[in-house]
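Right, one structure below, let's go through it.
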Amino acid sequence: KAQNLGSKIRHEFPIFKNNEKKGDGQIKPFVYLDTAVTGQKPQSVIQAMTKYMETDYGSVHRGAYGVSIRSSKMYEDTREKVAKFIGSSVDANQVIFTKGTTESLNIVAHGISELFLDDKSRIVIPTIEHHANLIPWQQAALRKDCELAYLSLEGKQSSKLKINLKEAEQFITKNTKVVAFAHVGNVIGQINPVEELIALAKKVGALVVIDCAQSMSSHDEDLFAMGADAIAFSGHKLYGPTSIGVLAMKKELVDRLPPYLFGGGMISDVNLEQSLWTTGPAKFEAGTQPITEACGLSAAIDWVESKGRTNILNHSSGLASLFLEKLKNIPDIEVFSPQSGKETIVSFRHKKIHAHDMATILDFDNVAMRAGHHCAWPLIRNLGVDALVRCSFGAYSDGDDVEIAIEAIKNSVKRV
Ligand code: PMP
């Protein structure tokens with residue numbers, strides 16, 4: 001069933017109807033293999049947002065009239081839906097709407113550093129993190145003059161492209177106040193050992209922050225039930241809109257962390273000398289909320305739930321394995337992926353064609369893959385390369401995508 005998912009649901013995505021005329025004058029199907037950067041949108045999400053703007057659009061928590069009351073209800077209903085989507089142990093009061101994973105991680109890193117870090121503390125993160133889960137901790141360490149310990153990879157071979165847990169045991173010591181890592185990596189697609197890292201952090205009483213940008217659309221473990229203290233993700237990687245994301249935290253952190261942005265909607269009182277903050281998620285949601293985006297996120301969660309996250313994972317990883325098998329038979333290809341069969345991402349490079357050239361050449365065949373450092377400079381440097389091509393699969397990907405992409409990569413040699 002999962003294997004057929006892509007072909008069955010592709011018609012739900014209007015973007016795949018727009019086949020493009022490329023430079024050689026031929027009309028070519030759109031082969032989108034960059035779901036890791038952002039997901040395409042199903043009709044149900046597009047329609048929900050359009051319909052909402054046509055009939056119910058209004059401010060949230062700011063008006064006594066019809067559209068505002070309906071918009072406020074929709075916004076809070078979405079919060080409830082997000083809480084259930086994260087896990088049965090999660091409550092709506094733990095869900096904060098942000099602009100995306102980046103903003104979520106900045107809020108939590110800033111708040112934790114203000115409350116819990118001093119010059120005797122240690123933060124532990126892997127070197128292979130996306131910049132969004134690296135720079136905020138680097139800044140926190142600089143501000144608080146505390147130590148930032150980086151976990152390396154076990155090695156450079158495929159089977160060793162995983163976080164070094166022995167090192168984690170050594171680094172996560174009594175003075176460690178926070179351990180932050182991605183659930184799934186955005187460059188090599190590794191699924192990190194969440195349970196083991198949480199256990200090591202809990203042993204020393206450290207907080208656990210998990211970047212779920214890559215995992216939320218295809219992994220359904222309740223990370224809070226497993227012991228996470230905060231998680232972050234983006235709507236646009238969940239087949240939903242841009243400019244909305246989530247920071248979910250344990251209730252105690254929602255109550256205690258200081259706000260990050262100041263302005264309307266996050267106060268309980270303001271006078272000319274000082275201001276008092278409101279309680280709950282609103283404390284972190286200064287300014288006009290991402291209202292239409294919340295409506296889109298709600299529709300995206302319905303869409304993902306209707307397909308099933310396990311189905312999406314099995315389908316996407318099945319196609320990634322098929323792609324990998326064929327890719328490895330092409331001369332001069334070097335693969336950078338754990339190759340466990342569970343990844344939905346395959347990163348690679350061609351020994352004779354630079355990654356950026358490869359991505360440009362693939363576009364001649366209307367094949368979209370990302371090339372570059374993938375917002376993870378330390379990882380790219382550690383792998384001894386300057387750029388990689390990344391092929392990533394999603395719910396709508398299908399076997400034709402694999403065939404066309406493989407042919408395009410084979411043809412690239414003739415085109416340079
Ligand atoms: N973390 C990871 C693992 C990601 O893949 C991304 C997006 N590339 C982010 C964080 C940042 O997400 P956003 O740009 O939506 O804030």
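The values are calculated or read from the model by the stated rules, or taken from the named source; none is laboratory data. Because the structure is predicted, anything quoted here is derived from the model rather than measured. In this analysis, Cβ positions are derived from the backbone assuming ideal geometry, glycine residues included, and neighbour counts consider all displayed protein chains. For accessibility, only protein heavy atoms count, side chains too; no ligands or nucleic acids. Shrake-Rupley method; radii C 1.70, N 1.55, O 1.52, S 1.80 Å.
Of note:
- Condition met for Leu253 (more than 30 Å from Ala387 (Cβ to Cβ), surrounded by fewer than 22 Cβ atoms within 10 Å (Cβ to Cβ) and within 16 Å of the ligand (Cβ to nearest atom)): no
- The lone criterion from (1) open to solvent by 30 Å² or more (accessible area, probe 1.4 Å); (2) of a type outside the set (Val, Ile, Thr); (3) closer than 30 Å to Glu403 by Cα left unmet by Phe16 is number (1).
- Residue count for the range 35-44, restricted to those that are closer than 22 Å to Gly100 by Cβ and either away from the ligand (no atom under 16 Å from the Cβ) or open to solvent by 60 Å² or more (accessible area, probe 1.4 Å) (or both): 2
- Answer residue from the range 288-330, given it is at negative phi and without any contact (Cβ under 8 Å) to a residue 24 or more places away in the chain and is least open to solvent (accessible area, probe 1.4 Å) among those: Leu324
- Residues within the range 45-85 that are of a type in the set (Val, Ile, Thr), more than 25 Å from Glu221 (Cα to Cα), in contact with a Phe, Trp or Tyr (Cβ under 8 Å, 6 or more places away or on another chain) and not in a loop (DSSP other than H, G, I, E, B), tallied: 1
- Test: residue in the range 244-255 that is touching a Lys or Arg at 6+ places or on another chain (Cβ under 7 Å), among the acidic types (Asp, Glu) and either within 26 Å of Ser59 (Cα to Cα) or not in a strand (DSSP E or B) (or both): no
- When residues of the range 66-91 are limited to those that are open to solvent by 60 Å² or more (accessible area, probe 1.4 Å) and without any contact (Cβ under 8 Å) to a residue 40 or more places away in the chain, the one farthest from Thr288 (Cα to Cα): Lys84
- Evaluating Asp269 against the criteria (1) assigned to a strand (DSSP E or B); (2) within 16 Å of the ligand (Cβ to nearest atom) leaves one unmet condition, (2).
- Those residues of the range 47-65 which are of a type in the set (Val, Ile, Thr) and either surrounded by 17 or more Cβ atoms within 10 Å (Cβ to Cβ) or in contact with a Pro (Cβ under 6 Å, 6 or more places away or on another chain) (or both), in sequence order: Val60
- Just one of the listed residues (Ala371, Ala355) is of a type in the set (Gly, Ala, Ser), under 22 Å from Thr38 (Cα atoms) and touching a helix residue (DSSP H, G or I) at 6+ places or on another chain (Cβ under 6 Å), and it is Ala371.
- Restricting the range 221-245 to residues that are surrounded by 24 or more Cβ atoms within 10 Å (Cβ to Cβ), over 18 Å from Leu33 (Cα atoms) and within 11 Å of the ligand (Cβ to nearest atom), the residue that is farthest from the chain's Cα centre (by Cα) is Ile244.
- The set of residues from the range 196-220 being more than 15 Å from the ligand (Cβ to nearest atom), open to solvent by 10 Å² or more (accessible area, probe 1.4 Å) and either over 19 Å from the mean Cα position of the chain (by Cα) or small (Gly, Ala, Ser) (or both) comprises Glu196, Ala199, Leu200, Lys202, Lys203, Val204, Gly205, Leu207.
- Any hit, the range 26-34, residues being more than 19 Å from Ile404 (Cα to Cα) and either among the charged types (D, E, K, R) or within 16 Å of the ligand (Cβ to nearest atom) (or both): no
- Any hit, the range 95-102, residues being open to solvent by 40 Å² or more (accessible area, probe 1.4 Å) and either hydroxyl-bearing (Ser, Thr, Tyr) or away from the ligand (no atom under 16 Å from the Cβ) (or both): yes
Listed here are the residues, each with its yes/no results for (1) more than 17 Å from the chain's Cα centre (by Cα); (2) within 15 Å of Glu196 (Cα to Cα); (3) open to solvent by less than 20 Å² (accessible area, probe 1.4 Å); (4) touching a residue at least 60 places away in the same chain (Cβ under 8 Å).
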| position | (1), (2), (3), (4) |
| --- | --- |
| Pro126 | no, yes, yes, yes |
| Pro136 | no, no, yes, no |
| Leu142 | yes, no, no, no |
| Ala149 | yes, no, yes, no |
| Lys162 | yes, yes, no, yes |
| Leu165 | yes, yes, no, no |
| Glu169 | yes, yes, no, no |
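- Residue tally, condition of a type outside the set (Val, Ile, Thr) and more than 16 Å from the ligand (Cβ to nearest atom), over the range 167-192: 8
- Among the residues listed as Gly23, Gly6, the single one being of a type outside the set (A, V, I, L, M, F, W, C) and open to solvent by less than 40 Å² (accessible area, probe 1.4 Å): Gly6
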